[in-house]
Amino acid sequence: MTSARVFTGRHVEQAVSPERAVDAVRDAFVAHARGEWTMPPKVYVTNYPAGDFRAMPALGGGHALLKWITSFPGNPQRGLPTVTGVVLVSDAETGELRAVLDAASVTALRTGAAAVLAAETLGRPEAATAAVIGAGVNGRAAVRTFRARGRRVSVWDVDRDRAQTVAAELDADVAPSLEEALAAELVVTVTPGHEVVIREGTLRAGQHVSLMGADGPGKAEVAVAELVRAHLFSDDWEQAAMTVTGGRHRLFVDEWEQASHSGEIAHVVESGEITHEDVETLGEVLTGEKPGRQHPDDVTLFDSTGLAIQDLAIALVALEAARDLDLPTLSF
């Protein structure tokens, strides 16, 4: 008989702090960039307009992972969560199932970690203001991670009561308006992706934006014009600044293949307005292969689609803490 540890959402939060999640996700990006961790393409099973199912595999750290997760944006109106699913972790040498984890809590932790990691890596070091747009489960995680890193942050949501609840719970501020939230030096958007929140001409010199919500076909949080501006520059920053108002726009993604097919940039890649050469990955920046921000007035945009290697990183940290938790087991 085989048994596996079972991590509920509460157990995942007990096992993995936001600070530890940032470190783990950073290590996962580096391992993937170096080819040490592998990740076959994410598979979508769509049932639009209701929602979609996603199967996400990864291999690394002596383990294999499969995440089966959903995204059904209309569920809150039914009293149901938008995101549900499970994460399965197996021993890569024997194939034995080691753990089953609540996928929503793993996703929230790694989403918050990736958003803040990108902001800290690509934003200006002296950035003083941060804002999270969207106060759902993953938006709350981004606020929680910013606060765990010692940074003040404001939160805005179309549902002001929800924003106030998250702010009160996590000792954050409520942004008076969407416009004021978008004026922060570090911006994280975690919306359903059904409506553009960053319109043409919104971004200002020196800003960083982590775009976390457009993780599937048809979703977008930023206007096409702001994305296209990202490749309208030369190698000479001064020349670029003369032709691109508000500083040079630069695009970063979590993983090119996934982002180019199901991320924020997918539609402009399909049209040929942006190519692989116009985009760098966060992993390349973290390993030092690519430079990241090159000028204080650069406008950096990070397009996140969510990677299985991030889930694997969080799951492995949870497994390390298993001995300290009173976990149920699954026997079969």
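Points to keep in mind about this one:
- Filter result for the condition that a residue is over 28 Å from GLN294 (Cα atoms), surrounded by fewer than 24 Cβ atoms within 10 Å (Cβ to Cβ) and without any contact (Cβ under 8 Å) to a residue 40 or more places away in the chain, over GLU200, GLU195: GLU195
- Residue satisfying condition, being among the β-branched types (Val, Ile, Thr), under 14 Å from ASP311 (Cβ atoms), at pLDDT 95 or above and buried (at least 23 other Cβ atoms within 10 Å of the Cβ), within set VAL116, VAL25, VAL86: VAL25
- Selected residue (only one of LEU319, LEU327 is touching a Lys or Arg at 6+ places or on another chain (Cβ under 7 Å), at pLDDT 90 or above and in a loop (DSSP other than H, G, I, E, B)): LEU327
- Flag if PRO49 is over 29 Å from ARG149 (Cα atoms) and assigned to a helix (DSSP H, G or I): no
- Scanning segment 125-155 for residues that are under 19 Å from ILE198 (Cβ atoms), out of contact with any Lys or Arg (no Cβ under 7 Å at 6 or more places or on another chain) and in a loop (DSSP other than H, G, I, E, B) yields a count of 4.
- Residue check, ALA99 of a type in the set (A, V, I, L, M, F, W, C), crowded, with 17+ Cβ neighbours inside 10 Å and outside the structural domain of MET212 (by TED's automatic domain parsing): yes
- Scope segment 108-141; condition in contact with an Asp or Glu (Cβ under 7 Å, 6 or more places away or on another chain) and among the β-branched types (Val, Ile, Thr); matching residues: THR129
- Among the residues listed as ALA64, ALA55, the single one being in a strand (DSSP E or B), within 18 Å of the chain's Cα centre (by Cα) and more than 18 Å from GLY213 (Cβ to Cβ): ALA55
- Qualifying positions in segment 13-31 - assigned to a helix (DSSP H, G or I) and either polar (S, T, N, Q) or more than 16 Å from the chain's Cα centre (by Cα) (or both): GLU13, GLN14, ALA15, ALA31
- ARG5 satisfies every condition listed in (1) closer than 13 Å to LEU316 by Cα; (2) touching a residue at least 12 places away in the same chain (Cβ under 8 Å); (3) part of a helix (DSSP H, G or I) except (3).
- Being part of a helix (DSSP H, G or I) and without any contact (Cβ under 8 Å) to a residue 12 or more places away in the chain is true of GLN77.
- Test for SER304: is it out of contact with any Cys (no Cβ under 6 Å at 6 or more places or on another chain), modelled with pLDDT under 85 and buried (at least 20 other Cβ atoms within 10 Å of the Cβ): no
- Qualifying residue in segment 156-176 (condition: more than 27 Å from ALA21 (Cα to Cα), modelled with pLDDT of 95 or more and not in a loop (DSSP other than H, G, I, E, B)): yes
- A single member of GLY283, GLY292, GLY288 is out of contact with any Cys (no Cβ under 6 Å at 6 or more places or on another chain), at pLDDT 90 or above and surrounded by fewer than 16 Cβ atoms within 10 Å (Cβ to Cβ), and it is GLY288.
- Taken over segment 177-211, the criterion of being modelled with pLDDT under 95, hydrophobic (A, V, I, L, M, F, W, C), assigned to a loop (DSSP other than H, G, I, E, B) and closer than 20 Å to ASN138 by Cα is satisfied by VAL196, VAL197.
- For segment 40-63, the count of residues that are of a type in the set (A, V, I, L, M), crowded, with 22+ Cβ neighbours inside 10 Å and outside the structural domain of ALA220 (by TED's automatic domain parsing) is nonzero.
- Only one entry in ARG10, ARG110 is basic (Lys, Arg), in a helix (DSSP H, G or I) and surrounded by 19 or more Cβ atoms within 10 Å (Cβ to Cβ), namely ARG110.
The values are calculated or read from the model by the stated rules, or taken from the named source; none is laboratory data. If you're wondering where the values come from, they're calculated on a predicted model, not measured in any experiment. Neighbour counts are summed over all protein chains in view; Cβ atoms, including those assigned to glycine, are modelled from backbone coordinates with ideal geometry.
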